[in-house]
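Participant: What follows is a structure written as structure tokens; I'll ask about it next.
The values are calculated or read from the model by the stated rules, or taken from the named source; none is laboratory data. Given the structure is predicted, the values throughout are model-derived calculations rather than measurements. All Cβ positions, even for glycine, are placed from backbone atoms using ideal geometry, and neighbour counts span all protein chains on display. For the accessible areas, the whole protein counts, side chains as well, though only heavy atoms, and no ligand, DNA or RNA atoms are used. Shrake-Rupley method; radii C 1.70, N 1.55, O 1.52, S 1.80 Å.
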Amino acid sequence: MDDTSIILFALHAAGAAALLIWSVRLLRTGVERAFSVQLRTFLRRSNANRVQAMISGALAALCLQSATAVAVLVSNFATKGGVGLLAGMAILLGADIGSAIVSQILLVRQDFLIPLLLLIGVFLFLRSARNEARQFGRMLIGVGLIFVSLDMIRAATGPLIGSAETSIVMSYLANDLVTSFIIGALFAWAVHSSVAAVLFFVTLTAQGLLPPSGTAAMVLGANAGGAVLAYVLTLGAPLTARRMVVANVVLRGGGAVVVLVALSQNQSDLSWLGADASRQIINLHLAFNVGLAIVCLPVLGGIASATIALTPERDDASPLMQSSALDPATLGQPARALSCAAREILKMGEETETMLRTSIALFDVWDAPTAKAITQKADHVGTLHTDIKSFLAQLDHEHLSEVQRDKAGELASIALNLETAAAAISRGLVAQAGEIQAEGLAFSESGWSDLMDFHDRVLSNSQLALSVLMTGAPDAARQLLRAKDKVRKAEAKLQERHLARLRDSISASFETSRIHQDVLRTLKSINAAFATIGQPIAARSGDLLTSRLSTKSKASTA
């Protein structure tokens, strides 16, 4: 190949790989925007036993196209006690299987599928008024573009088949499985998707550009890289949430290394896995994850105990003091001063979100130190609000531009609403949990399930609100305001369900009726406080009328 051909090949191959990565992300985004609440609820409820948990993890990964996304979700549940360590580990094992099944499905080649998926997907995305239908269209577009990207990879790599240079590379990778393993792990890390990595490797193998033994090592490496990626993405979570991810890294990564050693010793005869090389590799990927689950599931109890023993809680006796972002030296530079205020408001939001995430567990098992810690955090959020308000008041408003004055007003409003949310958690939820404890009451099973679901919905919205605060993205702001409307409708529906339980004369519902309804209203008000973060962004983009998203925004391509 001459220099021009090499450059064209590299450009086409890189473009095809980029389209594959983006298409997988597009598909996952559609699922998250349309069905994230339902998925979160399904996962949280599916932890009755390890087999059920594993199956739920597989189904969630099939929907999200990513075992990593499932790991991040489950770690969030574990933080507030919604999922135990053993169930969480089983869910992650199932998610790895689901991710492998996704790779199997996406390698199906049917010429009619691409135009059909794109046609239906674009029609739904552009013409549907309902968000769920638009996001389903996004998902179909994502699947169609995955098939397009795989065809692009085949077309781009076609001229390399049979070349001398290709034979040299294949020979090297076939003989150096460790290097192939590392390449697979690094590629999965770089693209943030083991699904995309496996599809890329298998497609190159089908073209005859990668030897089966080398590709097998790369796929095993992609499994290890995907597990490590989930670990890195949850580094900021509490230890109780990270333990299951750590265990998954050891099991999946260690299992991949064990299978790699076995393949190198046995000269990787994979003919029993399929008739052709690509089928052998994709079946190896599935067989590895299914086999890992079969081996580990019966002994998860022992693995969970070992994980706890090897990752003890640490008592950080002297944590570093947090410094304020409100630098008085920036008051003469409005742009920098407003940036400092925004950073401090983000700190308020993070502390309030932490309070919200922790508070729900108090209704199930009262813990006085946790309740006290939440109250102290609320006081700190109040102090932050006072400091921010004072800082913004010191700005010379006569010399601010109109945009800067509007920004200062928006920041002051957001800070006030975050303090309101923190107070609602401390004086509302914690106090309500204390009443349950003091009176020795317990919610009915269905009532408690409703409260957990509603709390999880509000928590998800609070996390979205913080993302909007950081990025200022109009799409996310519109999604946040739509979520506010959904919370209003969900709260009304749950109030109706509570009244139905009263009509059915469920004694626990009678005993906790006032508190149950108060908790729903408190959570609704907390959600409303977080949702105000999206209002100025939606107003600037012309999507906000007096109190609702405009019709244009509801039909826009969010």
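Participant: Restricting attention to region 78-105, which residues are touching a Lys or Arg at 6+ places or on another chain (Cβ under 6 Å) and closer than 16 Å to Ala304 by Cβ?
Facilitator: Scanning region 78-105 gives Leu85, Ala90.
Participant: Let me ask you something else. If you take the residues of region 194-217 that are of a type in the set (S, T, N, Q) and open to solvent by less than 10 Å² (accessible area, probe 1.4 Å), which of them is farthest from Ile97 (Cα to Cα)?
Facilitator: Thr205
Participant: Do the conditions hold for Ala361, that is, is it within 29 Å of the chain's Cα centre (by Cα), crowded, with 16+ Cβ neighbours inside 10 Å and within 25 Å of Arg45 (Cα to Cα)?
Facilitator: Taking the combined requirement at face value, the residue satisfies it.
Participant: I've got another one for you. Inside region 440-525, counting only helices (runs of 4 or more DSSP H) that do not spill past its ends, which hold 1 or more residues that are open to solvent by less than 10 Å² (accessible area, probe 1.4 Å) and closer than 19 Å to Gln38 by Cα?
Facilitator: So the answer is 445-471, 474-503.
Participant: Which residues, taken from region 526-558, are under 30 Å from Gln432 (Cβ atoms) and either modelled with pLDDT of 95 or more or surrounded by 17 or more Cβ atoms within 10 Å (Cβ to Cβ) (or both)?
Facilitator: Ile526, Asn527, Ala528, Ala529, Phe530, Ala531, Thr532, Ile533, Gly534, Gln535, listed by residue number.
Participant: Next question. For residues that are assigned to a loop (DSSP other than H, G, I, E, B) and surrounded by fewer than 16 Cβ atoms within 10 Å (Cβ to Cβ), scanning just region 328-347, find the one that is modelled with the highest pLDDT.
Facilitator: Gln333
Participant: In the set Leu199, Leu220, Leu210, which member is modelled with pLDDT of 80 or more and not in a helix (DSSP H, G or I)?
Facilitator: The match here is Leu210.
Participant: Report yes if some residue within region 377-392 is in contact with a Leu (Cβ under 7 Å, 6 or more places away or on another chain), farther than 13 Å from Leu416 by Cα and open to solvent by less than 70 Å² (accessible area, probe 1.4 Å); otherwise report no.
Facilitator: Yes, that holds for at least one residue.
Participant: Continuing with the same structure: Residue under question is Val83, and the condition is that it be among the β-branched types (Val, Ile, Thr), in a loop (DSSP other than H, G, I, E, B) and touching a residue at least 12 places away in the same chain (Cβ under 8 Å); does it hold?
Facilitator: Considered against the rule, which asks whether it is among the β-branched types (Val, Ile, Thr), in a loop (DSSP other than H, G, I, E, B) and touching a residue at least 12 places away in the same chain (Cβ under 8 Å), Val83 comes out as yes.
Participant: Any idea which residue in region 281-301 is farthest from Ala222 (Cα to Cα), counting only those that are at pLDDT 90 or above and not aliphatic (A, V, I, L, M)?
Facilitator: So, considering only residues that are at pLDDT 90 or above and not aliphatic (A, V, I, L, M), the one farthest from Ala222 (Cα to Cα) is Pro298.
Participant: Within the set of pairs 6 or more residues apart or between chains, which connect a residue that is under 16 Å from Val195 (Cα atoms) inside region 133-148 to a residue that is open to solvent by 30 Å² or more (accessible area, probe 1.4 Å) and of a type in the set (Phe, Trp, Tyr) with Cβ atoms less than 9 Å apart?
Facilitator: As it stands, the answer is Gly142/Trp22; Leu145/Trp22, since those pairs meet every condition given.
Participant: Next question, about the same structure. Given the options Arg45, Arg28, Arg40, name the one that is at pLDDT below 85, over 14 Å from the mean Cα position of the chain (by Cα) and charged (D, E, K, R).
Facilitator: Arg45
Participant: Also, I was wondering about something else. Could you list all residues from region 125-145 that are open to solvent by 40 Å² or more (accessible area, probe 1.4 Å) and touching a Lys or Arg at 6+ places or on another chain (Cβ under 7 Å)?
Facilitator: Ala129
Participant: Cβ contacts < 7 Å: first residue within 15 Å of Val232 (Cα to Cα), restricted to region 190-201; second residue open to solvent by less than 20 Å² (accessible area, probe 1.4 Å) and of a type in the set (Ser, Thr, Tyr), any location; separation 6+ or different chain. Result?
Facilitator: As it stands, the answer is Ser193/Ser66; Ser194/Ser99, since those pairs meet every condition given.
Participant: Which residue out of Ala415, Ala424, Ala408, Ala431 is assigned to a helix (DSSP H, G or I) and without any contact (Cβ under 8 Å) to a residue 40 or more places away in the chain?
Facilitator: Within the list Ala415, Ala424, Ala408, Ala431, the selection yields Ala431.
Participant: Identify, please: which residue in region 28-68 is of a type in the set (Ser, Thr, Tyr) and assigned to a helix (DSSP H, G or I) and is, among those, least open to solvent (accessible area, probe 1.4 Å)?
Facilitator: Ser56
Participant: Shifting gears a bit: Check region 308-317 and report whether any residue there is assigned to a helix (DSSP H, G or I), hydrophobic (A, V, I, L, M, F, W, C), closer than 30 Å to Ala58 by Cα and in contact (Cβ under 8 Å) with a residue 40 or more places away in the chain.
Facilitator: yes
Participant: Looking at Arg457, Arg482, can you tell me which residue is under 22 Å from the mean Cα position of the chain (by Cα), farther than 22 Å from Ser359 by Cα and not β-branched (Val, Ile, Thr)?
Facilitator: Just a single option satisfies the conditions, and that option is Arg482.
Participant: Answer with yes or no whether Ala373 is open to solvent by less than 20 Å² (accessible area, probe 1.4 Å) and assigned to a helix (DSSP H, G or I).
Facilitator: no
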